[in-house]
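Structure record follows, encoded as structure tokens.
The values are calculated or read from the model by the stated rules, or taken from the named source; none is laboratory data. Bear in mind that the values here come from a model prediction, so they are computed numbers and not experimental data. Note that we place each Cβ from the backbone using ideal geometry, even for glycine, and neighbour counts take in every protein chain shown. Areas reflect the complete protein model, heavy atoms only, side chains present, ligands, DNA and RNA absent. Shrake-Rupley method; radii C 1.70, N 1.55, O 1.52, S 1.80 Å.
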Amino acid sequence: MAKKIDSPCIAACQLKGGMCTGCGRSIEEIRHWKSMKRPEKIATIKRAEQRYKKLNK
């Protein structure tokens with residue numbers, strides 16, 4: 001299992017309602033990404049994927 005989890009950022013950052021329309025993360029999640037532990041990053045990615053689907057319907 002890889003130790004590093006890459007950021008879901010796709011460099012298409014634009015905020016809408018406190019969420020990035022490029023990756024689905026909240027401002028706080030983006031801000032704290034580097035200090036998050038592996039389980040937090042995994043959970044953040046899962047939440048972001050769900051938000052992203054809702055934002056782009």
Q) Which one of these is surrounded by 12 or more Cβ atoms within 10 Å (Cβ to Cβ) and at pLDDT 90 or above: 5, 27? A) 5
Q | Number of positions in the range 30-47 that are part of a loop (DSSP other than H, G, I, E, B) and either under 12 Å from residue 9 (Cα atoms) or open to solvent by 40 Å² or more (accessible area, probe 1.4 Å) (or both) | A | 1
Q: Select, from 50, 14, the only residue that is surrounded by 10 or more Cβ atoms within 10 Å (Cβ to Cβ) and not basic (Lys, Arg).
A: 50
Q | Cβ pairs under 9 Å, 6+ apart, first in the range 1-29 and touching a residue at least 40 places away in the same chain (Cβ under 8 Å) and assigned to a loop (DSSP other than H, G, I, E, B), second hydroxyl-bearing (Ser, Thr, Tyr) and surrounded by 10 or more Cβ atoms within 10 Å (Cβ to Cβ) | A | 8/44; 8/52
